[in-house]
1. Once the Cβ-Cβ distance between Glu268 and Gln106 is put in as r, and R0 is 41 Å, what FRET efficiency do you end up with, to the nearest 0.05?
2. Could you check which residue among Val31, Val78, Val102 shows the biggest mean-square fluctuation in a GNM of the chain with a 10 Å Cα cutoff?
3. Rank Glu39, Glu87, Glu66 by mean-square fluctuation in a GNM of the chain with C-alpha springs under 10 angstrom and give only the top-ranked residue.
4. Could you work out the relative contact order of the chain? I mean the mean sequence separation of Cα pairs under 8 Å and 6+ apart, divided by the number of residues, in percent.
5. When the accessible area of the range 1-80 is split by element with a 1.4 Å probe, what percent falls to carbon and sulfur?
6. By the scheme Lys and Arg +1, Asp and Glu -1, what is the net charge of all other residues having a beta-carbon under 11 Å from that of Ala253?
7. Counting only C-alpha contacts under 8 Å and six or more residues apart, can you give the relative contact order of the range 46-177 as a whole percent?
8. So if each residue of separation counts as 0.36 nm, and I subtract the Cα-Cα distance between Glu326 and Ser98, what length gain in nm does that give?
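The values are calculated or read from the model by the stated rules, or taken from the named source; none is laboratory data. Model, not experiment: these values are computed from the prediction. Cβ sites come from the backbone with ideal geometry, for glycine too, and all protein chains shown count toward neighbours. The protein model used for the area step is the full one, side chains on, heavy atoms only, and it has no ligands, DNA or RNA in it. Shrake-Rupley method; radii C 1.70, N 1.55, O 1.52, S 1.80 Å.
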Amino acid sequence: MAAYDLTSQVGCFLDRHLVFPLLEFLQVKAVYPEREILEAKIELLGKTNMVDFAMDIYKNLNPESEVPEGMAQKKQQVMEKLKKYQEIAAPLVHFLSSPDHVKQLQSDRAYNLQLLETEFQIGSEQIEGLYHYAKFWFDCGNYSAAAELLYHYGTLCTSTDRMVSALWGKFAADILMQDWETAIEDMGRLKDIIDKNTDALGQLQQRTWLMHWALFIFFNHENGRNSIVDLFFQDRYMNAMQTNAHHLLRYLAVALVINKHKRSMLKELIRVIQQEQHGYTDPITDFLDCLFVKYDFDGAQMKLRECEVVLQNDFFLTNCWEEFVENARLFIFETYCRIHKCIDIKMLAEKLNMEHEAAELWVVNMIRTARLQAKIDSKAGTVIMGTQHLNLYEQIIEKTKQLSYRSYKLTNSYMQVVQAQQNPVAVGY
Ligand SMILES: *[C@@H]1O[C@H](CO)[C@@H](O)[C@H](O)[C@H]1NC(C)=O
């Protein structure tokens, strides 16, 4: 299972707090020995303020021994830090906690700073303090507090670097709170900021981060599987992936396989997979390569089995397996039909990695929903393809379009009837 695990590659481009959910997942899936995961967690927590949490894990790991001196000291330090930042940020935090005060703020930064300075004796020291105070809470795992404080900080700070840093922090906090809508907004802001950056190397680096952080959104938000395809295929982002992070190809490939609306990009994906073959392959890219480049059905089928292990044990993809296999079978079937006239269901079942009966049922369904020109000869156990080669996907898309048009018409006439019933006087005569 560990052979295809990408946690360490992906983790390099994440905030340490974002790595935590990945470790939790690996622990549940028992991808690595429990001890290794727990040690990794302690290591990760060591650089945060979550000392109690680290202590608990340590005790769990070493029930016999005392908690190390360093951890107890760290706890003391954290308390001192809290006191310090709390004191500095207090006037501003107090100001922000009053809705009446906050109402006086306007969209003009200079005006706000002036107002804070003259009316409330709050200056740059307190505003800087707010940043540290927010960072403190973030490091404690108090992401909601951090997100709120960082939001306010972003409206008041005067340094661009600091503002960008606060936005990254807020983006991480959004993700950790699973507030996907806000996360998408902040991602858009970061994307714009990166585009305006004049340092090409910094741009490349930040784009690579953004792609990794956004994986949380892509595989959780309902529109995510469109967004990932749209973002990753932009030249700048494709370039970042091919330069810095080949492993992201897995996520793009899975998103494309399960996304019926983005079929047109498949060719482009295959091209990238072929280009990257020296640097990155996994069962998912191999599967696509077998099917669309080599027309090796046996190879594809073998790879599909490996894909199951990979997807089930990937934090981001674990919920995609069902859809992935369904679409992968569709790919196999379609490609197979394109090059065969008479298909033996037994053989097809093998290629699709399904039971004979299930495969027959699946084919019947497929033929019906896609209106394929094909007949099933149950006795001989074969599917005979019609003369014309129909594009399965075009058919499906056409059907879906008709469906939504018809639903629209239906809803319209229904609404007319309802309205007519509500206003009987207006009807008739
Ligand atoms: C989170 O931070 C806020 C300060 O903004 C604090 O009042 C609250 O107690 C913290 N929550 C936890 C669970 O530490």
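1. 0.30
2. Val102
3. In the Gaussian network model the winner is Glu66.
4. 10 percent
5. Carbon-and-sulfur percentage of accessible area, whole number: 53.
6. Within the 11 Å Cβ shell, the charges total -3.
7. Relative contact order, the range 46-177: 23 percent.
8. Residue separation times 0.36 nm, minus the Cα-Cα distance, leaves 76.7 nm.
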